[in-house]
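Here's the structure, in structure tokens; my notes come after.
The values are calculated or read from the model by the stated rules, or taken from the named source; none is laboratory data. None of these values were measured; they are calculated from a predicted model. FYI the Cβ positions are ideal-geometry reconstructions off the backbone, even for glycines, and counts take in every protein chain you see.
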Amino acid sequence: MMRLILLFLLAMLSSGPHAGNYAQRDEVQTFVQEMHERHGFDGTALTALFRQTKPVAAVIKAIMPPKDPGVRSWHAYRARFIEPKRIAAGRRFMHAYVAELADAETRFGVPAEVVAAIIGVETIYGKQLGRFGTFAALATLAFDYPPRATLFRRELEELLLLAREEKRSPLAYTGSYAGALGLPQFLPSSRRRFAIDFDRDGRIDLAKSPADAIGSVANFLQEHGWERDAPIAVVVAVSGDGVQALVDEGISPLRTPRQMEEANVAFAEPRQGEATPETPVGPRTIPERPAALIDLVTPQTATEYRLGYRNFYVITRYNRSSFYAAAVMDLAAALRASQ
């Protein structure tokens with residue numbers, strides 16, 4: 001049903017009354033008035049911006065859920081990111097910015113390969129920054145994508161604040177269809193809160209300064225609770241009546257492995273083929289600290305399980321997906337092994 005609604009919205013954007021600019025729409029004028037009252041923006045100037053902005057049908061098409069949302073495959077997802085070209089690009093990136101990555105690791109406690117892996121997963125080290133006008137993309141999602149309108153109106157507000165702080169036109173920003181910016185693909189809210197001038201040139205540029213991107217990613221992770229010299233996750237084979245109950249508790253690290261065993265879950269050495277080449281573990285290597293039991297599901301294949309520690313959870317603050325955090329972890333391990 002939701003997909004049918006979104007298809008209807010897509011058709012309306014292409015040919016219906018919403019195909020024109022945003023300036024005359026009541027909800028947009030309400031937003032303009034709120035921006036004036038909360039932040040002192042000039043309503044006439046904001047209306048002029050919206051008059052120049054039309055809905056972008058390609059944005060709605062890009063963000064629409066898959067036709068069969070039930071099909072999720074960890075193996076397919078992982079293969080997109082842990083592959084030779086991305087690893088080679090990551091190796092070159094780490095070589096080119098070895099000093100900046102080392103400085104970030106010293107200052108923030110985040111390993112160089114983890115920072116590099118996030119930038120690699122997000123944009124292949126700057127090759128895929130996105131070409132959508134950020135203001136138009138966020139306006140489209142804020143006013144023509146009901147499932148997440150609240151989030152994207154907040155991000156549109158953040159973009160306007162960012163542009164004012166940087167003395168730039170809101171129309172000057174480009175990025176992903178979802179409004180993400182630069183090498184690390186920060187949404188405007190994260191850009192304002194966590195981006196830093198790591199190359200000390202007096203400005204923050206996440207699109208053209210890899211140093212700023214490196215420092216900003218490390219700062220984001222530290223601010224969200226990254227633990228220096230602590231594990232991310234380990235691959236485990238599990239059995240017992242309590243497995244599903246632990247998985248259902250979510251990705252917050254709540255129980256130690258010993259407490260999980262008390263909840264009828266047994267750990268064993270992963271069988272051959274269950275542990276990835278980058279993350280082999282055995283029972284003696286399992287840290288006894290709070291973790292979550294993470295299931296990485298592939299249809300018609302045995303589920304892979306990992307014990308996700310605090311740092312695994314922190315990576316999911318960047319993108320709230322266990323698949324994403326596991327892919328970052330594995331790409332980081334592959335980059336570390338290739339150095």
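Here are a few things to note about the model shown:
- Per the listing Ala116, Ala137, the residue uniquely closer than 24 Å to Ile60 by Cβ, in a helix (DSSP H, G or I) and touching a residue at least 40 places away in the same chain (Cβ under 8 Å) is Ala137.
- Of the residues Gly215, Gly182, Gly225, Gly130, the single one that is under 27 Å from Ala96 (Cβ atoms) and surrounded by fewer than 22 Cβ atoms within 10 Å (Cβ to Cβ) is Gly130.
- Subset of region 312-339 [among the polar types (S, T, N, Q), farther than 19 Å from Val243 by Cβ and in contact with a helix residue (DSSP H, G or I) (Cβ under 8 Å, 6 or more places away or on another chain)]: Thr316, Asn319, Ser338, Gln339
- Among the residues of region 155-194, those that are aliphatic (A, V, I, L, M) and part of a loop (DSSP other than H, G, I, E, B) comprise Ala178, Ala180, Leu183, Leu187.
- Any hit, region 19-37, residues being modelled with pLDDT under 95, in a helix (DSSP H, G or I) and over 28 Å from the mean Cα position of the chain (by Cα): yes
- Note on region 306-336: among residues that are surrounded by fewer than 24 Cβ atoms within 10 Å (Cβ to Cβ) and outside any helix (DSSP H, G or I), the one that is nearest to the chain's Cα centre (by Cα) is Asn319.
- Residue match in region 120-129 (condition: closer than 22 Å to Ala58 by Cα and either among the hydroxyl-bearing types (Ser, Thr, Tyr) or in contact with a His (Cβ under 8 Å, 6 or more places away or on another chain) (or both)): yes
- Evaluation of Ser190 against (1) polar (S, T, N, Q); (2) touching a Ser or Thr at 6+ places or on another chain (Cβ under 9 Å); (3) in the same structural domain as Thr30 (by TED's automatic domain parsing) (one fails), failing number: (3)
- Top-ranked residue in region 195-236 [being touching an Asp or Glu at 6+ places or on another chain (Cβ under 6 Å) and not in a loop (DSSP other than H, G, I, E, B); ranked as nearest to Glu288 (Cα to Cα)]: Ile214
- Tallying residues that are over 20 Å from Ala325 (Cβ atoms) and in a loop (DSSP other than H, G, I, E, B) within region 72-110 yields 1.
- Any hit, region 277-295, residues being crowded, with 22+ Cβ neighbours inside 10 Å and either basic (Lys, Arg) or at pLDDT below 95 (or both): no
- Region 149-165 residues that are surrounded by fewer than 20 Cβ atoms within 10 Å (Cβ to Cβ), paired with ones that are at pLDDT below 95 (beta carbon under 8 Å, 6 or more apart): none
- Residue in region 117-141 that is nearest to the chain's Cα centre (by Cα), counting only those that are of a type in the set (Ser, Thr, Tyr) and closer than 15 Å to Arg91 by Cα: Thr123
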